[in-house]
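What follows is a short report on a single structure.
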Amino acid sequence: MSASPVSALGTHAIIDNLFAIEINQKHKDLVIRMNVYTSSLTTGYYPKTIALLNHHLPSIFKTKCFNDFNQPFLIEAADTEIAHLFEHIFLAFLHRDKLSISDESFTYSGVTSWNWQREPKGLFHITITGTENDYSLISWF
Ligand SMILES: [Zn+2]
């Protein structure tokens, strides 16, 4: 894994030629551009996903997921886009980080989108948004 800042506005990382992420701040949102370089673009190709999440980040299953079938994330995570999983991992870490420094209520939300008719296959866009007056997302990068 390597990560290096490319500008004052963003951070860019390439992870073992599996995927690349570029994170930028847009107002108080974090806008993440994720390029996945494998043809296996969903967790359905990785049958150990749920077991690994249960072992390393069980709090991810407390994140609320708004998906087409209204499935809990435990079910959704078994066969979802890699970037959608990344969004929930990010949200779970934000939640854990925020709880460690404050007991104030807070909400983060995320949206993952893609359009492979207009953009290359494997390119995803993830937007992470905090609550109205919460600028703590900015301090992450
Ligand atoms: Zn979701």
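The values are calculated or read from the model by the stated rules, or taken from the named source; none is laboratory data. Remember, it's a predicted structure, so these values are computed and weren't measured experimentally. Every residue, glycine among them, receives a Cβ derived from its backbone with ideal geometry; neighbour counts consider all protein chains shown.
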- line: Residues of segment 72-91 being free of Cβ contacts under 8 Å to residues at least 24 places away in the same chain and near the ligand (Cβ under 9 Å from one of its atoms), in sequence order, are Phe73, Glu76
- prompt: What is the number of the single condition among (1) part of a helix (DSSP H, G or I); (2) surrounded by 16 or more Cβ atoms within 10 Å (Cβ to Cβ) that Met34 does not meet?
  reply: (1)
query: Taking into account only those residues within segment 66-75 that are more than 12 Å from Ile89 (Cα to Cα) and touching a helix residue (DSSP H, G or I) at 6+ places or on another chain (Cβ under 6 Å), which is surrounded by the most Cβ atoms within 10 Å (Cβ to Cβ)?
result: Leu74
- prompt: When you go through (1) away from the ligand (no atom under 16 Å from the Cβ); (2) surrounded by 12 or more Cβ atoms within 10 Å (Cβ to Cβ); (3) at pLDDT 90 or above one by one for Gly110, which number turns out not to apply?
  reply: (1)
field: Check on Glu87, farther than 20 Å from Lys121 by Cα, assigned to a helix (DSSP H, G or I), charged (D, E, K, R) and modelled with pLDDT of 95 or more
entry: no
- line: Within segment 43-65, restricting to residues that are of a type in the set (S, T, N, Q) and buried (at least 18 other Cβ atoms within 10 Å of the Cβ), the one that is nearest to Ser109 (Cα to Cα) is Thr63
- prompt: Does Asn67 fit the bill of being polar (S, T, N, Q), within 14 Å of the ligand (Cβ to nearest atom) and either outside any helix (DSSP H, G or I) or touching a His at 6+ places or on another chain (Cβ under 7 Å) (or both)?
  reply: yes
task: Take segment 15-64 and flag every residue that is β-branched (Val, Ile, Thr) and within 16 Å of the ligand (Cβ to nearest atom).
output: Ile32, Thr42, Thr43, Thr49, Ile50, Ile60, Thr63
- request: Could you check, for segment 55-62, whether at least one of its residues is out of contact with any Asp or Glu (no Cβ under 6 Å at 6 or more places or on another chain) and assigned to a loop (DSSP other than H, G, I, E, B)?
  value: yes
